[in-house]
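As C-alpha cells, the structure follows; a few thoughts come after it.
The values are calculated or read from the model by the stated rules, or taken from the named source; none is laboratory data. In this text, all values refer to a predicted model and were calculated from it rather than measured experimentally. Quick reminder, even Gly has a Cβ in these numbers, built from the backbone with ideal geometry, and neighbours come from all protein chains shown.
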Amino acid sequence: MSEQSAMALGLQGCPICTKVGPVECTSCEICGARLHAGWSNSIQRTWAWLITSVVLYLPANFLPIMYTRFLGKETENTILGGVVSLWTHGSYPIAIIIFVASVFVPLGKILVLGWLCLSIQLGSTFAVTQKTKLYRVTEFVGRWSMIDVFVVGILVALIQLGNVMSILPGMAALAFAAMVVTTMLAAIVFDPRLLWMSAEWDDLK
C-alpha cells in the first residue's frame with residue numbers, strides 16, 4: 001500500500017494541538033488556532049526575509065552595539081569586539097555564550113533555511129525526516145538570539161551615573177534586533193510540508 005500525505009487525503013494537522021481535521025477548516029476545533037493548507041509563495045517569502053537578514057547581519061556585527069562613556073572618555077563596543085575582550089579577560093563562558101547566541105546561531109539559521117529552500121527548489125528528496133527535524137530545531141533556537149539586545153537594554157537602564165559613567169545603545173542594537181525578527185519571520189513563513197511534497201512527487205514519478 002503506497003503512502004500518501006495528509007494533504008493528498010484532504011486532511012491537515014493543527015500546529016498547536018496536532019488535531020487532524022478537514023483541509024477546508026480555517027480554525028482548529030480544539031484549541032482555536034488558525035489553520036492553513038500551505039503558505040502561498042512560501043519559498044519566495046522565506047528568501048525575501050533571509051536576504052533582508054543577511055543585509056542586516058553585517059551592520060549588526062560590525063557597527064558599535066553600544067557606547068560606553070566613563071569620566072568623559074567614550075569607547076565603542078561591537079559584538080565581536082566584546083567577545084574578544086571577554087575572552088582576553090578570562091570570561092570564557094560568557095564570551096562563548098555571546099558568540100554562539102549572537103554570531104553563530106543567526107548565521108546558522110540563515111544557512112539552514114537557505115539550504116532547505118534550495119533543497120525544495122531543486123526537488124531533493126534526501127533525508128526529508130532529518131531536514132524536518134533540523135527545521136524544528138532552527139525555529140526553536142532562533143528565538144533565543146536576542147541576548148545582546150537584552151544586555152544592552154538592561155545596561156542602558158541601570159548604568160546612568162551622569163558625567164561619571166553612562167551607556168548608550170548603538171545602531172548595531174537596532175540592526176541586530178531587526179535581523180532576529182526577520183530570521184524568525186523567515187522560519188514562520190517557511191512551510192516544511194513542501195519538503196514532504198517533493199518526496200511524494202518523486203514517488204509518483
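Here are some notes:
- Every residue from region 84-94 that is within 20 Å of residue 105 (Cβ to Cβ) and modelled with pLDDT of 80 or more: 84, 87, 92, 93
- Test for residue 84: is it of a type in the set (A, V, I, L, M, F, W, C) and either within 24 Å of residue 182 (Cα to Cα) or crowded, with 18+ Cβ neighbours inside 10 Å (or both): no
- Residue list for region 18-41, filter: at pLDDT 70 or above and either assigned by TED's automatic domain parsing to the domain that holds residue 119 or part of a loop (DSSP other than H, G, I, E, B) (or both): 19, 24, 25, 26, 28, 29, 30, 31, 32, 41
- Just one of the numbered conditions (1) assigned to a helix (DSSP H, G or I); (2) more than 23 Å from the chain's Cα centre (by Cα); (3) not hydroxyl-bearing (Ser, Thr, Tyr) is not true of residue 99: (2).
- Filter result for residue 46 (in contact with a Phe, Trp or Tyr (Cβ under 8 Å, 6 or more places away or on another chain) and modelled with pLDDT of 75 or more): yes
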